[in-house]
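Some notes on the structure that comes next.
The values are calculated or read from the model by the stated rules, or taken from the named source; none is laboratory data. Because the structure is predicted, anything quoted here is derived from the model rather than measured. Cβ sites come from the backbone with ideal geometry, for glycine too, and all protein chains shown count toward neighbours. We work out accessible area using only protein heavy atoms, side chains counted, and drop any ligands, DNA or RNA first. Shrake-Rupley method; radii C 1.70, N 1.55, O 1.52, S 1.80 Å.
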Amino acid sequence: MEAYEQIISVLALTMGASWASGINLYATLAVLGLSAQAGGVELPPDLQVLESPMVIGAALLMYAVEFVADKIPGVDSAWDSLHTFIRIPAGAMLAAGAVGEVGPIMEVAAAILGGGMATATHATKAGSRAVINTSPEPFSNWTASVGEDIAVVGGLWTALHNPVWFLIFLAVFILLMVWLLPKIWSAIKGIFSFLGRLLGGKSAPEPEQKTDTSVNLNDDKLAQLEKLKSLLDSGALTEKEFTEQKRKLLDN
């Protein structure tokens, strides 16, 4: 039973750290470090560096910067784009460190799973923010940001103290991501398509102007009819000849 609980705890910490780092890396580092400092949990040897006051201070400082940047529409998306190259590798490293000293094979496997989890949560956050930023009011952005911070802190606390409940929550979250990511991607493609038409799209070519020859043709027929009428009036054409020539002219 103890071995089972140990496996569940390691799995929850591995997936929890990588899941949270894809959303807010600095909050993840701060929560893990402060939890260990407070004596509530014992981190694996490879993660005990997070207990350092210097590491905790750096994490809290960067969390404060992200807390502000994450509340500004547009800036948050730029911040997320930059952190694509930070959150995902960090998630893989945290996952590898969370499994402890069990050999390089397990560490590499944990890093792969952790990197994938961090990628998924980062993509969900960044994509949903890009869609939310299309709203002109800032309140939805603030609500999403605060909700993400609460989710990270609450999720990590659950992973550390109630690993079974966290794994259940994580399974539900993964199902939600599978359902949500295609919709987010479709919305993002629509946004970029609109921006492309707005900023870089070429206006439709003007239709080629064609010379209206019908007026000239009608004018020509009118002149010929007048000429036939004058020939009829002068007696050069009979009524029958005039009618016949008139019909031929109008039929052409």
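Hey, could you check region 34-52 for residues that are without any contact (Cβ under 8 Å) to a residue 12 or more places away in the chain and over 35 Å from the mean Cα position of the chain (by Cα) and say which is surrounded by the most Cβ atoms within 10 Å (Cβ to Cβ)?
Per the stated criteria, the residue is Glu42.
For region 102-119, state whether one or more residues are open to solvent by 20 Å² or more (accessible area, probe 1.4 Å) and within 15 Å of the chain's Cα centre (by Cα).
The answer is yes; a qualifying residue exists.
Is there a residue being under 16 Å from the mean Cα position of the chain (by Cα), in a helix (DSSP H, G or I) and within 18 Å of Gly116 (Cα to Cα) anywhere in region 164-176?
Yes - at least one qualifying residue is present in region 164-176.
Kindly provide the set of residues from region 98-134 that are part of a loop (DSSP other than H, G, I, E, B) and without any contact (Cβ under 8 Å) to a residue 24 or more places away in the chain, ordered by number.
Residues satisfying the conditions are Val102, Gly103.
Which condition breaks for Ile150 when tested against (1) modelled with pLDDT of 80 or more; (2) open to solvent by less than 100 Å² (accessible area, probe 1.4 Å)?
Result: Ile150 passes all but (2).
Kindly provide the set of residues from region 135-145 that are open to solvent by 60 Å² or more (accessible area, probe 1.4 Å), without any contact (Cβ under 8 Å) to a residue 60 or more places away in the chain, assigned to a helix (DSSP H, G or I) and not polar (S, T, N, Q), ordered by number.
Result: Phe139, single match.
Got a sec? Which of Val65, Val49, Val102, Val131 is modelled with pLDDT under 95 and over 25 Å from Lys183 (Cβ atoms)?
After ruling out the rest, the residue left standing is Val102.
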